[in-house]
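Q: Input: one structure, supplied below.
The values are calculated or read from the model by the stated rules, or taken from the named source; none is laboratory data. Here the structure is a predicted model, which means the values were calculated and not measured. Using ideal geometry, Cβ is built from the backbone for each residue, glycine included, and neighbour counts are taken over all protein chains shown.
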Amino acid sequence: MKKTFLFLLLLFIQFVNSQELALVKKNGKIGYLSKDGSFKIEPQYKAAKSFSEGLAAVEDNGKWGFIDTKGSWVIPAAFDDTKDFNSGIAIVKKGKDWVYINKKGEIQKAPATEKLFDFNNGLAFIRQADKVGLINSGMTVVLEPKYDQIKPFENGFARVELNKKWGIISANGKEAVEPAYDEIGNYFKNTTWARKDKTFGIVSGGKFIAVEGAEKIWDFETQDLTYAKKNGKIGFIDLKGNWVILPIYDKAKAFSKNLAPVCVGSKWGYINPKAEFIIPPTYSDAEVFSSNGLAPVKEKNWGFINESGKLVIPTQYAITSNGFVIALFVQQDKGFIDGLARVKNEGKWGFLKPDGTVLGNQWFENAELFSRGTEKNNTTEVAAEKPKAETKAATKPATKKKK
């Protein structure tokens, strides 16, 4: 019975991995690579986008449509531009207008809004008369427009601004933290950091607890510690606002795998929650550990170390330049993600395995991150901000960018 279960589990893992495809460019054409290193869809497109929820936008003779993971057309190329599918809905451009469509290509009528926003985890912003609310993928209003801004949802919660004060709401539109703060962080284990006037602190159970001497606090991520600044130096606080690691470092990044990168002078190393250096500060830069126990470190170029500090992949690569965020609700873009790391070598992009070998022994002119053919849980949508003076820009959907 155990052998049968293990066999089925392996088949499931293999199936899930087989659904993850990466957009790559080879010899000037775009195709899609599977995690076994072979092409699921051979390079053949001049312009295309990554897969999301089983569909990828592809250009054909100046128009855009959507293909499935077999390369078959599901929605004919009839649009002037497209966004990704999320929650079964995508934004597409027909002529001068942006509209919502479902996976059948049918136009979905949205409640009145001054601008269309991408869906994320079943929700999208609507904006009416300088106020922002929420709709679900059934095009039903979940939250009437009442806030000045709503930031992207992270793990079911979003930061909101009302009358220049910030709070947090849940996915059903209820306030988890009332808008009463000048700044606010993400919501982690019913706790967030916030700033009241010039005082930084922790908000838990509706109460604001000042953090002694804090000049800045960063978001909690995967562990119950986050870094904060005091007297120009960086230390770590817990969920109750206590300094558990004294602020003595010049720079720091988040804890993961009970290790955090910290900088002393110009060199980076890693400490444990007891502030002991497990990996001495010897690198010119260092990033957070991925779930597989490897972290990017930089000498002249980037390589990877394990949790004991051993350099397991030589420092000979470039890695993506966007901020590294390792959280359950944010797709990181540096380091190892689901067993592979995107790197650049001699002007070409490829994917490293944990043993340092290159996936499929192939390098590409461009390579995007692997994305699941069946789902996409990124939270990279920009905030729903107040309308700008330029009304033409307000007709376009929100563009994607990293936080």
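Q: Can you tell me which of Gly54, Gly31, Gly65, Gly71 is touching a Ser or Thr at 6+ places or on another chain (Cβ under 6 Å), surrounded by 14 or more Cβ atoms within 10 Å (Cβ to Cβ) and at pLDDT 95 or above?
A: The match here is Gly54.
Each row is one residue, and each column tells you yes or no for (1) more than 16 Å from Gly335 (Cα to Cα); (2) buried (at least 19 other Cβ atoms within 10 Å of the Cβ).
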| residue | (1), (2) |
| --- | --- |
| Tyr227 | yes, yes |
| Ile234 | yes, yes |
| Lys253 | no, yes |
| Leu259 | no, yes |
| Gly265 | yes, no |
| Pro273 | yes, no |
| Thr282 | yes, no |
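Q: In contact with a strand residue (DSSP E or B) (Cβ under 8 Å, 6 or more places away or on another chain), modelled with pLDDT of 95 or more, more than 26 Å from Asn306 (Cα to Cα) and not polar (S, T, N, Q): is that true of Ile245 in this structure?
A: no
Q: Being more than 21 Å from Lys240 (Cβ to Cβ), outside any strand (DSSP E or B) and of a type in the set (S, T, N, Q) is the filter; apply it to the stretch 156-195 and report the residue that is farthest from the chain's Cα centre (by Cα).
A: By that ranking, first place goes to Asn163.
Q: Related question: Within the stretch 351-372, count every residue that is over 20 Å from the mean Cα position of the chain (by Cα) and small (Gly, Ala, Ser).
A: Summing the residues that are over 20 Å from the mean Cα position of the chain (by Cα) and small (Gly, Ala, Ser) in the stretch 351-372 gives 2.
Q: Return the residues of the stretch 253-303 that are without any contact (Cβ under 8 Å) to a residue 40 or more places away in the chain and either polar (S, T, N, Q) or on the phi > 0 side of the Ramachandran plot (or both); say none if nothing qualifies.
A: Asn258, Gly265, Ser266, Asn272, Ala275, Thr282, Ser284, Gly293, Asn301
Q: Just to be sure I understand, how many residues within the stretch 167-195 are buried (at least 20 other Cβ atoms within 10 Å of the Cβ) and either of a type in the set (S, T, N, Q) or in contact with a His (Cβ under 7 Å, 6 or more places away or on another chain) (or both)?
A: 3
Q: Moving on to the next point. If I ask for residues that are crowded, with 19+ Cβ neighbours inside 10 Å, among the hydrophobic types (A, V, I, L, M, F, W, C) and under 21 Å from Gly205 (Cβ atoms), which ones from the stretch 240-249 would you list? If you could, list the steps in order and put the result at the bottom.
A: The initial filter retains those residues of the stretch 240-249 that are crowded, with 19+ Cβ neighbours inside 10 Å, namely 241, 245, 247, 249.
With the extra rule that they be among the hydrophobic types (A, V, I, L, M, F, W, C), the set shrinks to 245.
Listed by number, the list is empty, since nothing qualifies.
Q: Now for a different question. Go through the stretch 196-225 and give me each residue that's buried (at least 18 other Cβ atoms within 10 Å of the Cβ), assigned to a loop (DSSP other than H, G, I, E, B) and among the small types (Gly, Ala, Ser).
A: Ala214
Q: On to the next question. Could you tell me whether Lys46 is at pLDDT 95 or above, on the phi < 0 side of the Ramachandran plot, surrounded by fewer than 18 Cβ atoms within 10 Å (Cβ to Cβ) and within 24 Å of the chain's Cα centre (by Cα)? Break it down into steps so the answer makes sense when it comes.
A: On the way: at pLDDT 95 or above: yes; on the phi < 0 side of the Ramachandran plot: yes; surrounded by fewer than 18 Cβ atoms within 10 Å (Cβ to Cβ): yes; within 24 Å of the chain's Cα centre (by Cα): no.
Spelling it out, it is not the case that Lys46 is at pLDDT 95 or above, on the phi < 0 side of the Ramachandran plot, surrounded by fewer than 18 Cβ atoms within 10 Å (Cβ to Cβ) and within 24 Å of the chain's Cα centre (by Cα).
Q: Looking only at the stretch 105-155, how many residues end up being under 21 Å from the mean Cα position of the chain (by Cα), acidic (Asp, Glu) and surrounded by fewer than 21 Cβ atoms within 10 Å (Cβ to Cβ)?
A: 0
Q: Output the residues belonging to the stretch 83-126 that are part of a loop (DSSP other than H, G, I, E, B) and hydrophobic (A, V, I, L, M, F, W, C). So that I can check it myself, show each step before the final result.
A: Of all residues in the stretch 83-126, those part of a loop (DSSP other than H, G, I, E, B) come to 83-85, 87-88, 95-96, 102-106, 109-119, 121-122.
Matches in the stretch 83-126: Phe85, Ala110, Ala112, Leu116, Phe117, Phe119.
Q: Output yes when any residue across the stretch 289-298 is more than 20 Å from Trp193 (Cα to Cα) and loosely packed, with under 15 Cβ neighbours inside 10 Å, and no when none is.
A: Checked against the condition, which is being more than 20 Å from Trp193 (Cα to Cα) and loosely packed, with under 15 Cβ neighbours inside 10 Å, the stretch 289-298 yields no hits at all.
Q: Taking only the stretch 56-82 into account, find how many residues are under 24 Å from Gly339 (Cβ atoms) and in a strand (DSSP E or B).
A: Residues that pass the stated criteria total 1.
Q: With respect to Gly156, determine if the residue is closer than 21 Å to Glu59 by Cβ and among the small types (Gly, Ala, Ser).
A: For Gly156, the condition - closer than 21 Å to Glu59 by Cβ and among the small types (Gly, Ala, Ser) - is not met.
Q: So, of the residues in the stretch 127-155 that are assigned to a strand (DSSP E or B) and of a type in the set (Asp, Glu), which turns out to be modelled with the highest pLDDT?
A: Kept after step one, since they are assigned to a strand (DSSP E or B), are these residues of the stretch 127-155: 127-128, 131-136, 141-147, 149-150, 154.
Still in the running and of a type in the set (Asp, Glu): 144, 154.
Details: Glu144: 97, Glu154: 93.
Only one residue fits best here, namely Glu144.
Q: Do we find that Pro111 is out of contact with any helix residue (DSSP H, G or I) (no Cβ under 8 Å at 6 or more places or on another chain) and under 28 Å from Asp130 (Cα atoms) in this structure?
A: On the way: out of contact with any helix residue (DSSP H, G or I) (no Cβ under 8 Å at 6 or more places or on another chain): yes; under 28 Å from Asp130 (Cα atoms): yes.
When the stated conditions are applied, Pro111 passes them.
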